[in-house]
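Since every read-out is calculated from the coordinates, none of them should be taken as a lab result. From a predicted model like this one, the values you see are computed outputs, not experimental measurements. When we count neighbours, we look across all protein chains shown, and the Cβ atoms used for this are built from the backbone with ideal geometry, even at glycine.
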Amino acid sequence: MRDFSQDHRWLSINTATARKQHGAEVPIATIIDQCAERGIRAIGPWRDQVAAAGLDATARQLRSHGIELSGYCRGGFFPAADAAGLRAALEDNRRAIDEAKTLNATCLVLVVGALPGALDGTPHYTDIARARSEVFDGIAASLNYARQVGMPLAIEPLHPMQAADRACINTLEHALDICDALDAQKMGALGVALDVYHVWWDPKLQAQIARAGKERLLAFHVCDWR
């Protein structure tokens, strides 16, 4: 593994990891300045942080520092309790795609969602097959618009412990199966975001990374938890 201790040009900081400093919430504008001061040339910001600072203001600041977006977090959360909720999810993902395009992100990361309402402790249904079907349909619908504007979508499989409330896509294999079904020609519009924290346990991981190749591997998230 390369030593980045003296050269930060190839690093990207997930801004969620820096939003709390000394017990206080830090604005994304400050985080961007801190990254620029340290020679870090890319970040992966979260939508709520950008919304708090203003989309256009954040885009201008990124351009002024020459900082790129390795990805934009997040789209997804497609499953819903009813048809109105499904439509609202698609509308929100369309907005996320537009925001990612304005910020010139390399991809929009999709945390796909799971049982609607589970995050609040009261799921509206417990049929995970239904949730996965709604995820597939939501990605398919969002992909059409993403292709139009030129914003790749990156499906991020999460650890199975989060299958009920955050993401019902939990293996790289499953994410790639969706990619192959919706983007068989590998045109660059759909791929995966691989987070070591979530997929380290998978016995098929190495084979599926090889299967993904550079055409599908749109983002790679590392951490030091193990």
>> At 7 Å along Cα-to-Cβ for each site, give me the label-to-label distance between residue 83 and residue 127 in nm.
In response: 1.6
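I need the shape label for the range 1-68. Rule: rounded when a/c is under 1.5, else prolate if a/b > b/c, else oblate, with a, b, c from the alpha carbon gyration tensor.
Values: a/c = 2.11, a/b = 1.39, b/c = 1.52.
It is oblate, given that a/c is not under 1.5 and a/b is not larger than b/c.
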> Got a sec to turn the phi values of the range 161-166 into Karplus ³J(HN,Hα) couplings, 6.51 cos²θ - 1.76 cosθ + 1.60 with θ = phi - 60°, whole Hz, x for Gly and Pro?
Replying inline: 4, 10, 5, 7, 10, 10
> What is the helix-to-structure angle for 55-65, meaning the angle in degrees between its Cα long axis and the longest Cα principal axis of the chain, kept from 0 to 90 and rounded to the nearest 10?
Replying inline: 40
> Rounded if a/c is under 1.5, else prolate if a/b beats b/c, else oblate: with a ≥ b ≥ c from the C-alpha gyration tensor eigenvalues square-rooted, which is the range 22-103?
Replying inline: prolate
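Can you order the peptides 4-17, 37-50 by their average number of other Cβ atoms within 10 Å per residue, highest first?
Numbers: 4-17: 13.4, 37-50: 18.3.
Final packing ranking: 37-50, 4-17.
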>> Out of the chymotrypsin sites (Phe, Trp or Tyr not before Pro) in the range 182-226, which ones are loop residues according to DSSP with at most 16 other C-beta atoms within 10 Å?
In response: 200, 201, 225
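Given only helices, namely DSSP H runs of n ≥ 4 each adding -39500 (n - 2.57), what is the per-residue ellipticity at 222 nm of the chain, to the nearest 500 deg cm²/dmol? It would help to have the intermediate numbers written out before the result.
Working: 8 runs with 97 residues, N = 226.
Helix contribution divided over all residues of the chain: -13500 deg cm²/dmol.
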> Taking only Cα atoms, what is the 0 to 90° angle, nearest 10, from helix 83-102's long axis to the longest principal axis of the chain?
Replying inline: 30
> Taking square-rooted eigenvalues a ≥ b ≥ c of the alpha carbon gyration tensor, is the range 108-226 rounded, prolate or oblate, where a/c under 1.5 means rounded and, failing that, a/b exceeding b/c means prolate?
Replying inline: oblate
> Taking springs between alpha-carbon atoms closer than 10 angstrom, which of 79, 152, 123 fluctuates most in the Gaussian network model of the chain?
Replying inline: 123
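Report, for the chain, the % of DSSP beta bridges that are antiparallel, rounded to 5. Provide the component values of the computation, followed by the final result.
Numbers: 2 of 24 bridges.
Of all bridge pairs located within the chain, approximately 10 percent are antiparallel.
How high is the relative contact order of the chain, in percent, with contacts defined as C-alpha pairs under 8 Å that are six or more residues apart?
Numbers: 411 pairs, mean separation 32.8, N = 226.
The value is 15 percent.
Taking 8 Å as the Cα distance limit and 6 or more residues as the minimum spacing, I'd like the relative contact order of the range 1-68 as a percentage.
36
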> Working out 0.36 nm times the residue gap between residue 95 and residue 29, then minus their Cα-Cα distance, what length gain in nm do you get to one decimal?
Replying inline: 21.6 nm
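Peptides 103-111, 161-169, 69-77: what's the order by average Cβ count within 10 Å, highest mean first?
On the way: 103-111: 23.0, 161-169: 20.0, 69-77: 25.0.
So the peptides 103-111, 161-169, 69-77, ranked by packing, come out 69-77, 103-111, 161-169.
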> Excluding same-chain residues fewer than 8 positions from residue 214, which lysines have a Cα within less than 21 Å of its Cα?
Replying inline: 186, 204
> If you plug each phi of the range 113-121 into the Karplus form 6.51 cos²θ - 1.76 cosθ + 1.60 with θ = phi - 60°, what whole-Hz ³J(HN,Hα) values come out, in order, with x for Gly and Pro?
Replying inline: x, 8, 6, x, x, 5, 4, 8, x
> Relative to the longest principal Cα axis of the chain, at what angle does helix 205-216 sit, 0 to 90 degrees, rounded to 10?
Replying inline: 70
> Check residue 42: other-chain or 5+ apart residues with amide H under 5 Å from its amide H, H built from backbone geometry?
Replying inline: 13, 68
> Per residue, what volume in Å³ does the convex hull of the Cα atoms of the range 64-166 enclose?
Replying inline: 104
